[in-house]
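The structure appears right after this line, and notes come after that.
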Amino acid sequence: MDAGVREGQLQLANGRRVALLESGRTGQPLVLALHGWLDNGASFLPLAACLEGIHLICVDLPGHGLSDHKSSPYVFTDWLDDLHQIMAAGGWSDVTLLGHSLGALIASAYAGVFPEQVARLILLEGLGPLSQPDEEVPAQLRRAILNRSRTRERASSGFASLDEAVAARCKVADISPEAARLICERQLILRDGRLHWRSDARLRDLSPLRMSEGQARALMAAIRCPVLFVQGEQGFASLTAQWLARRDCFTQIHRESVAGNHHFHMDNPLQTAIVIEKFCHIR
């Protein structure tokens, strides 16, 4: 880990601990970074090395990285409560929220619910909460319940080496081996001579319910701060259609693209940092 990055943790009001990585210093513009599903705060380390003049705090969301697991299921709206507790425990307000993938969905919804807490919003490969048509609700609930049963029955034998874990991660995600290694190094624990995922297995449960598109649009319309939406040129193709359908929800939004895949902020951190610094009026 870079010498300029420090480990830290917060204790939430409910007693759970949230781990974090921190770079920069107090007094610089504060950017709170939220990672993607099954990633952790280390996914922002390449970006931290390129950002200048920013106090960057990268949390491990509950159930990820070095943070405590939750005793309840991982439901999307509860991520907003987790973030609100994190903000309170850190004593932070009027911050810039930076989110990648799931982190972008959380950050955008939070900015609509608590607009007074967010000065700027930076969304990497995510644009508002996932939604679904009303008629798909019965099938979604069925899939979620059956998926939870499989999660309870699933057992993992672990990995013989870090390389084996990295290869497994690359098979199921749009990510380079170098980026996967950074995430895996923080996401593994040695137990009985084998490496096992630290992350909570229940994170793999399907969401039982998603918002309607009208509900998602209402949340985005409630955002009052400037918004930067950044896509990877080889990222999730569905985001282009989503941008066309949702851009009218935002009062202040700017769109950029950066060369790279879904994890472009890890593989192309310098260009990502330039875009972010311009948006934050630092460069």
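Which one is most open to solvent (accessible area, probe 1.4 Å), of the residues in region 234-283 that are of a type in the set (Val, Ile, Thr) and under 24 Å from PRO46 (Cβ atoms)? Residue satisfying both the conditions and the ranking: ILE282. Applying the set (1) surrounded by fewer than 21 Cβ atoms within 10 Å (Cβ to Cβ); (2) over 19 Å from LEU34 (Cα atoms) to CYS225 leaves exactly one unmet item: (2). Look at ALA13 and say whether it is touching a Leu at 6+ places or on another chain (Cβ under 9 Å) and not charged (D, E, K, R). In short, no.
Residue-level check: of (1) touching a residue at least 24 places away in the same chain (Cβ under 8 Å); (2) open to solvent by less than 40 Å² (accessible area, probe 1.4 Å); (3) not in a loop (DSSP other than H, G, I, E, B), LEU141 misses just (2).
Among ALA241, ALA221, which is the only one that is aliphatic (A, V, I, L, M) and within 25 Å of VAL95 (Cα to Cα)?
Just a single option satisfies the conditions, and that option is ALA221.
The residues of region 163-184 that are assigned to a helix (DSSP H, G or I) and charged (D, E, K, R), listed by number, are ASP163, GLU164, ARG169, LYS171, GLU178, ARG181.
Name the residue that is nearest to LEU45 (Cα to Cα), counting only residues in region 165-200 that are out of contact with any Cys (no Cβ under 7 Å at 6 or more places or on another chain), surrounded by fewer than 14 Cβ atoms within 10 Å (Cβ to Cβ) and without any contact (Cβ under 8 Å) to a residue 40 or more places away in the chain. So the residue we want is ILE189.
With the structure loaded, tell me whether GLY90 is over 21 Å from CYS184 (Cβ atoms) and modelled with pLDDT under 95 or whether it fails that test.
Details: over 21 Å from CYS184 (Cβ atoms): yes; modelled with pLDDT under 95: no.
No.
Just so you know, in region 201-217 the residues that are open to solvent by 60 Å² or more (accessible area, probe 1.4 Å) and either free of Cβ contacts under 8 Å to residues at least 24 places away in the same chain or of a type in the set (A, V, I, L, M) (or both) include one that is nearest to ALA139 (Cα to Cα), and it is LEU209. Residues in region 227-261 that are of a type in the set (Phe, Trp, Tyr) and touching a Gly at 6+ places or on another chain (Cβ under 6 Å): there are none.
Checking each residue in region 114-125 for being touching a Gly at 6+ places or on another chain (Cβ under 9 Å) and either surrounded by fewer than 16 Cβ atoms within 10 Å (Cβ to Cβ) or part of a loop (DSSP other than H, G, I, E, B) (or both) picks out only GLU125.
State whether the residues of region 257-270 include one that is farther than 25 Å from LEU80 by Cα and touching a Cys at 6+ places or on another chain (Cβ under 6 Å). The answer is yes; a qualifying residue exists.
The values are calculated or read from the model by the stated rules, or taken from the named source; none is laboratory data. Small disclaimer: the values here were computed from a predicted structure and weren't measured. We place every Cβ from the backbone using ideal geometry, glycine too, and count neighbours over all the protein chains shown. Please note that ligands, DNA and RNA were not included when accessible areas were found on the heavy atoms of the full protein model with its side chains. Shrake-Rupley method; radii C 1.70, N 1.55, O 1.52, S 1.80 Å.
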